[in-house]
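One structure is given below, encoded as structure tokens.
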Amino acid sequence: MRSRTGGMKLTMVYVLRNPQCRQGFLELMSELSVVTTRLMTQAGANAETYSFTERPDRRGWFVEVLRFGDEQERKTFDDLYCQDRKASAIQALIDDLVDASRSDYVLTRTPRGRGEAAPSASVGY
């Protein structure tokens, strides 16, 4: 049964340290997306809602979006992700390629019956 609070959307923004990091970053994100979608499925989320794109207006800025049906799916995913050794190892390598001062995430909640997402916890980007 879904929560009355509606869905959750986790958006991560990755900004490359420099253009030379691009190929390595894309290779790591390709590997990480496989792990992420597997863990989303294990958490009960619809892995088909996963997306990873480069911002068309900013070369070297990438956006990853994960959607969850409710808070419990997101929490289950978070627990699985934090325990997954491959995800942790890949994320550590990615962290070396991105500019931490410009990379960030935001978690938004979509109330049931509403089309717009309201910030739940926000870290600006």
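Read-outs: derived from the displayed coordinates by stated rules, not from any lab. Since this is a predicted model, take the numbers as computed values, not measurements. Cβ placement follows ideal geometry from the backbone for every residue including glycine, while neighbour counts extend to all protein chains displayed.
Could you tell me whether the stretch 1-85 comes out rounded, prolate or oblate from its Cα gyration tensor? Rule is a ≥ b ≥ c as square roots of the eigenvalues, rounded for a/c under 1.5, then prolate if a/b exceeds b/c, otherwise oblate.
Numbers: a/c = 2.82, a/b = 1.81, b/c = 1.56.
Here the stretch 1-85 falls in the prolate category.
7 Å from Cα along Cα→Cβ at both THR53 and ARG38: what's the point-to-point distance in nm?
Distance between the two pseudo-spin positions: 2.7 nm.
Give me the number: length gained by fully extending ARG17 to ASP95, i.e. 0.36 nm times residue separation minus the C-alpha to C-alpha distance, one decimal in nm. Could the numbers behind the result be given before it?
On the way: separation 78, 0.36 × 78 = 28.08 nm, distance 0.98 nm.
This chain segment gains 27.1 nm when fully extended.
Which ³J(HN,Hα) values in Hz, rounded to whole numbers, follow from the phi angles of the stretch 93-103 under the Karplus curve 6.51 cos²θ - 1.76 cosθ + 1.60, where θ = phi - 60° and Gly and Pro get x?
5, 4, 4, 6, 9, 10, 7, 4, 6, 10, 9
Kindly provide the chymotrypsin sites (Phe, Trp or Tyr not before Pro) of the stretch 38-85 that DSSP labels as loop, not H, G, I, E or B, and whose Cβ sees at most 13 other Cβ atoms within 10 Å. Provide the component values of the computation, followed by the final result.
Details: sites: TYR50, PHE52, TRP61, PHE62, PHE68, PHE77, TYR81; in loops: TYR50.
In loop regions of the stretch 38-85 (DSSP not H, G, I, E or B), there are no sparsely surrounded chymotrypsin sites (Phe, Trp or Tyr not before Pro).
In whole percent, what relative contact order does the stretch 7-112 give with Cα contacts below 8 Å and a gap of six or more residues? Before the final figure, lay out each step's value.
Numbers: 153 pairs, mean separation 51.9, N = 106.
Across the stretch 7-112, relative contact order equals 49 percent.
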